[in-house]
Amino acid sequence: CVMRGAIIITSSGCFWYCIVCNSVFIYVSAQSGVGDSVLSAFRSICGEDGVSLGEAVREQHGKDESVHRCCPPDVVVFPRCVEEVSALAKVCHKHRLPIIPFGTGTGLEGGVGAVKVRCLCGHTFSHLEQLTSLVTTITNPGADASLCGMAATSASGTNAVRYGTMRENVINLEVVLADGSIVHTAGKDRRPRKTSAGYNLTNLFVGSEGTLGIITKTTLRLYGIPEAMVSAVCSFPSVQAAVDSTVQTLQAGVPIARIEFLDDVMIDACNRFSSLSYPVTPTLFLEFHGSEQSLEEQVKTTVPFLGTNTKEGKKKKVYYSVRGLSCWADVILHTACSAYSTDVCVPLSRLPQIIVETKEDLIENRLTGEKLSNFLLLKNVFASCRRALAMDGTCTGEHGVGLGKRALLCEEMGPVGIQVMQSLKDALDPNNLMNPGKILQREEP
């Protein structure tokens, strides 16, 4: 099995469980070091090959795709089933070792750094797609993300416009708690279409980022592969015109599958990187799913909002070649820079305003050219987040909080909301062992 996730234990640690390959990884680290007796316990659970102290392995599991520095754990453990994950959690609970879950390392807010310990578990979309050709995944993140990792961050992807985010599509979770006990959030092996049975434990753990428990299995709502798909590329004279068209399309109730916006700077980068020839103007990429007849109706309804400069086709490769590589295109063309990826979300009615104002900020602070200022970029990121909050939105729509947005979460939720979250954390993880330091900023006692 290719290493797709891990449980890490350190004065920082991490854990991961792969449903398809039936393997788990754990990373452990402790401020006073992991003793021989603890390492022996890990090896008795996972075998000699299931415990790694190697520097390269630890560094690999100490960082995600964010700008946050690498904080490697002390030990990485690779359990092979949920029972082993439970046994490892019990050892960590007994010795007060923090645990950090690790899926595939594609997070964008520093959620796997071993501030104290980490543990992750997950299953990749590519594995799921190999299981059957009759269903489609709901969110399609555009990266090699794991299912359990996406559930842990309440993530979404390009399909969310039509099919919803992970929160709407997770039916049941298998979770290992801090003391090693295993809970099924909707009852063992249950997958009802709807339920009103007690507290919604599933949604409690969706978005918890490993701070309440280790997600080892997800039960998801799947959808049949559409009979037909049509894509469209639409160029606009301004950012305002492009975003206004997006809002009009969505408000008209068109069940569009995907709709993505790239401004003139990103279109230019993609053209240069992938040898494309799109007009260097603000551009929308759209995709429609359904039967042949429903696609005709969707396109007919949408065309008046998009104007005349629209190209239609049935090949998805065009969409993915631009949208999927846009970030790397910009990074490679600005070799002296590194990417800072973040996200916010606002009500649909405020979408034009926030995009136009953010674009104006980028131009004003000269953040669209060859020379970028790290200080100005970071300042602009937080300004954009606070702008979203002022528009009744959120500081993160899909990437999660991690380390990067803890202060913004306090501003968004207020003291009472944060206290409720802290109370839940204290009830499920009184020793603060599960991915400590993420989401909430409580100091270790």
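Based on this model, can you work out whether LYS300 counts as charged (D, E, K, R) and assigned to a helix (DSSP H, G or I)?
In short, yes.
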Exercise for the section: From the list VAL303, VAL247, pick out the single residue that is at pLDDT 90 or above, closer than 23 Å to PRO352 by Cα and out of contact with any Lys or Arg (no Cβ under 6 Å at 6 or more places or on another chain). Expected result: VAL247
Practice task
For ASP263, state whether it is of a type in the set (Asp, Glu), open to solvent by less than 60 Å² (accessible area, probe 1.4 Å) and modelled with pLDDT of 85 or more.
Solution key: yes
Fill in the blank from the handout: Filtering segment 390-406 for residues that are free of Cβ contacts under 8 Å to residues at least 40 places away in the same chain and more than 19 Å from the chain's Cα centre (by Cα) leaves a count of 1
Practice task
Kindly establish whether ILE225 is within 22 Å of PRO436 (Cβ to Cβ) and touching a residue at least 12 places away in the same chain (Cβ under 8 Å).
Solution key: no
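Residue-by-condition table, conditions (1) open to solvent by less than 70 Å² (accessible area, probe 1.4 Å); (2) free of Cβ contacts under 8 Å to residues at least 60 places away in the same chain; (3) in the same structural domain as LEU348 (by the TED database); (4) within 30 Å of ILE332 (Cα to Cα):
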{"position": "LEU201", "(1), (2), (3), (4)": "yes, yes, no, no"}
{"position": "LEU204", "(1), (2), (3), (4)": "yes, no, no, no"}
{"position": "THR211", "(1), (2), (3), (4)": "yes, no, no, no"}
{"position": "SER238", "(1), (2), (3), (4)": "yes, yes, no, yes"}
{"position": "SER245", "(1), (2), (3), (4)": "yes, no, no, no"}
{"position": "ILE259", "(1), (2), (3), (4)": "yes, no, no, yes"}
{"position": "ILE267", "(1), (2), (3), (4)": "yes, yes, no, yes"}
{"position": "LEU276", "(1), (2), (3), (4)": "yes, yes, no, yes"}
Completion exercise
LYS217 vs (1) in contact with a Ser or Thr (Cβ under 6 Å, 6 or more places away or on another chain); (2) closer than 22 Å to PHE102 by Cβ; (3) not hydrophobic (A, V, I, L, M, F, W, C): all pass except (1)
Handout entry: Number of positions in segment 87-110 that are over 25 Å from GLY400 (Cβ atoms) and not in a helix (DSSP H, G or I)
Key = 1
Problem - Selection within segment 411-429 - surrounded by 15 or more Cβ atoms within 10 Å (Cβ to Cβ) and either assigned to a loop (DSSP other than H, G, I, E, B) or free of Cβ contacts under 8 Å to residues at least 40 places away in the same chain (or both) - result: GLU412, MET413, ILE418, MET421, ASP429
Handout entry: So LEU351, is it modelled with pLDDT of 90 or more, more than 19 Å from ARG272 (Cβ to Cβ) and not in a helix (DSSP H, G or I)
Key = no
Fill in the blank from the handout: Those residues of segment 165-199 which are in contact with a Phe, Trp or Tyr (Cβ under 7 Å, 6 or more places away or on another chain) and open to solvent by 50 Å² or more (accessible area, probe 1.4 Å) amount to none
Handout entry: In segment 68-84, the residues that are open to solvent by 80 Å² or more (accessible area, probe 1.4 Å) and farther than 19 Å from ASN435 by Cβ
Key = ARG80, GLU83
Handout entry: Residue in segment 243-292 that is nearest to TYR163 (Cα to Cα), counting only those that are assigned to a strand (DSSP E or B) and acidic (Asp, Glu)
Key = GLU287
Handout entry: Test for GLY47: is it on the phi > 0 side of the Ramachandran plot and either in contact with a strand residue (DSSP E or B) (Cβ under 8 Å, 6 or more places away or on another chain) or at pLDDT below 80 (or both)
Key = no
Handout entry: Single residue of segment 381-409 satisfying the filter (more than 16 Å from GLU109 (Cα to Cα) and part of a helix (DSSP H, G or I)) that is most open to solvent (accessible area, probe 1.4 Å)
Key = ARG386
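The values are calculated or read from the model by the stated rules, or taken from the named source; none is laboratory data. Everything numeric here is computed off the predicted structure, so don't read it as measured data. FYI the Cβ positions are ideal-geometry reconstructions off the backbone, even for glycines, and counts take in every protein chain you see. Ligands, DNA and RNA are stripped out before the accessible areas are found, and what is left, the full protein with its side chains, is counted by its heavy atoms. Shrake-Rupley method; radii C 1.70, N 1.55, O 1.52, S 1.80 Å.
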